[in-house]
Structures are given as C-alpha cells and as structure tokens.
Amino acid sequence: MPRLLSALLTSLAAAALAVGAAFGIVALLNATPEQPNVPLISYETATPRK
C-alpha cells in the first residue's frame with residue numbers, strides 16, 4: 001500500500017509540475033511586446049507622366 005500511495009503522489013506531483021510549466025510558458029509568450037507592423041520596403045504609386 002505505501003508503494004501505491006507514493007506512486008500516486010509522484011504522478012500527481014508530476015502532473016502539477018507539467019501544468020505549471022505549461023502556464024508559465026504561455027505567460028512568458030504573452031509577456032513579449034507587440035512587434036511593430038512597419039514594412040521594410042514600401043512602393044509608392046507614381047503619377048503618370050504626360
């Protein structure tokens with residue numbers, strides 16, 4: 001019985017650690033600043049020559 005209890009507690013601890021790591025990774029990814037959406041190259045429309 002003690003082996004079963006220790007196996008159960010170990011698996012619960014591992015599951016809690018995995019869930020905590022997943023939430024931590026998501027929080028880190030959401031904490032990155034928004035990147036500016038500025039194009040490196042812009043093509044301006046030219047006026048036709050007469």
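Measure off, as a whole percent, the carbon and sulfur share of the 1.4 Å-probe accessible area of the chain, all protein chains present.
69 percent
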Next item on the list: Rank these residues by their accessible area, most exposed first, probe 1.4 Å: Leu28, Leu8.
Entry: Leu28, Leu8
Margin query: Rolling a 1.4 Å sphere over the protein heavy atoms, what is the accessible area per residue of the chain, to the nearest Å²?
Written below: 108 Å²
Notebook entry, point to check: Which value in deg cm²/dmol, rounded to the nearest 500, describes the helix-derived mean residue ellipticity at 222 nm for the chain, given -39,500 (n - 2.57) per DSSP H run of n ≥ 4 and division by the residue count?
Noted result: -21500 deg cm²/dmol
Item checked: Helix 2-31 vs. the chain, principal-axis angle (Cα, 0 to 90°, nearest 10) -> 10 degrees
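The values are calculated or read from the model by the stated rules, or taken from the named source; none is laboratory data. Every value quoted in this text rests on a predicted model; they were computed, and no experiment measured them. Note: accessible area is taken over every heavy atom of the protein model, side chains too, but ligands, DNA and RNA are not part of it. Shrake-Rupley method; radii C 1.70, N 1.55, O 1.52, S 1.80 Å.
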